[in-house]
Amino acid sequence: MNWESRLLSEEELNHWYGTESGSDREFEMSSDQANPVATAPGSVPPPKGGTTSELAKALIRQQVATWPMLREAVAGLEEVAFKHFTIKGSDVFAQFNPARIVSTAAKVDAATISQRPCFLCAENLPAEEKGIAFGDRFAILCNPFPVLLDHLVIAAREHTPQAIEGKFGAMLDLAEGLGEDWFVLYNGPRCGASAPDHFHFQACSREGVPLFNDFDFWLERDSKENGFVVSHNYRFNLMACGGADRQQLTDWFARAIAHLAKLTNSEAEPMLNLIVTFERGQWSAFILPRGKHRPACYDAEGDAKLTISPAAIDLAGVVVVPQPDHFARVTAEDLEGIFAEVGLSQDQMNDWLKRIQESEQ
Ligand SMILES: [Zn+2]
């Protein structure tokens, strides 16, 4: 099945618009599954020319109603257990999510990748999986292994490697299109992407994600000017940049990444995760630079072993722990250590900031 037959039109999503924006999480199926019109919640005529956000919400309703695997996964997400920690004054949740073992423990070496069918190419998706177009180059899909509410995967329609160069602008556009209910994330090919061979973003509901509380002072800033900050004594060292000028932001991002590559001696893309939000007419981009893909405890034996493989969502404060015994024993100290181990030091952050500032003079 190619993308043309996977992608639903606005007309096909007509009956999946809800009466409320995203808050109606009731997906009760009637026995009349053959007729989605009859089972759609709040069937109201859609606004003319639905926004990306409205279309994505309609897609989620359609997919939950017609794709049993996704429906079970979304229902399962309501049952996951959490442990709450406070690390350096900010909230962190460990999430016991056994279904995520496929991603957390994914083998992403070149040999393994070359031998499996790509699970983001149109011809390999499950028959029930549908999407919506985002521009000419991307398809918005539902993630069948969700970590957060309304978890989307935005896949390139071409099988092309995970690399952010030339695509940060698309990430900004996606964040703008999805609006204030979502955040968009990118996991680098060596920093948590389980499909390093097929370019993709993800997007999730911001609901309950600690990063956005921690940085509300930044998200609610008044200035429309582009600007950036480096975190100090935060539980994970990151750089936030934002503003209302798309071109300035993409230029700034290219410069920041080039300096990060030099600082970390990276020949290809420096190791990183990215998070972008859009609200009140401006973007906020969080660059989460990495020193390491997986912490030492990932490969440890016995009681020292913790199968935790941090990517953007984990660093935003929802740490996925797929193994029950690991979930039982994980502590705040473990997570604080993991964040420090896979990130950059404050000295490296200051050095990075200085290089960017000097290049701007
Ligand atoms: Zn592919």
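Could you list all residues from the range 233-249 that are in contact with a Phe, Trp or Tyr (Cβ under 8 Å, 6 or more places away or on another chain) and either part of a loop (DSSP other than H, G, I, E, B) or surrounded by 18 or more Cβ atoms within 10 Å (Cβ to Cβ) (or both)?
Residues satisfying the conditions are Arg235, Phe236, Leu238, Met239, Ala240, Cys241, Gly242, Gly243, Ala244, Leu249.
Can you pull out every residue in the range 194-205 that is among the polar types (S, T, N, Q) and either closer than 16 Å to Pro144 by Cβ or within 12 Å of the ligand (Cβ to nearest atom) (or both)?
Ser194, Gln202
So which pairs qualify, if the first residue must be in the range 144-166 and within 16 Å of the ligand (Cβ to nearest atom), the second must be basic (Lys, Arg), the Cβ gap must be under 7 Å, and the two must be at least 6 apart or on different chains?
Correct list of pairs: Ala156/Arg137; Arg157/Arg137.
The conditions are (1) surrounded by fewer than 20 Cβ atoms within 10 Å (Cβ to Cβ); (2) within 16 Å of the ligand (Cβ to nearest atom), and Gly208 fails exactly one of them. Which is it?
So Gly208 meets the others, but not (2).
Return the only residue of Phe278, Phe339 being outside any loop (DSSP other than H, G, I, E, B), closer than 18 Å to Phe85 by Cα, among the aromatic types (Phe, Trp, Tyr) and in contact (Cβ under 8 Å) with a residue 40 or more places away in the chain.
Phe339
Pairs only if they're at least six apart or on different chains, beta carbon under 7 angstrom, first in the range 117-138 and aromatic (Phe, Trp, Tyr), second near the ligand (Cβ under 9 Å from one of its atoms) and at pLDDT below 95; list them, first residue then second.
Pairs that qualify, where the first residue is aromatic (Phe, Trp, Tyr) and the partner is near the ligand (Cβ under 9 Å from one of its atoms) and at pLDDT below 95, are Phe119/Ala195.
Got at least one residue in the range 110-125 being part of a loop (DSSP other than H, G, I, E, B) and away from the ligand (no atom under 16 Å from the Cβ)?
The answer is no, given that none of the residues of the range 110-125 is part of a loop (DSSP other than H, G, I, E, B) and away from the ligand (no atom under 16 Å from the Cβ).
Which of the residues that make up the range 175-189 are outside any strand (DSSP E or B), within 14 Å of the chain's Cα centre (by Cα) and over 21 Å from Glu269 (Cα atoms)?
Correct list: Ala175, Leu178, Asp181.
The values are calculated or read from the model by the stated rules, or taken from the named source; none is laboratory data. The model shown is predicted, which means the values in this text are computed figures rather than measured ones. With ideal geometry, Cβ positions are generated from the backbone for all residues, glycine too; neighbour counts draw on all protein chains shown.
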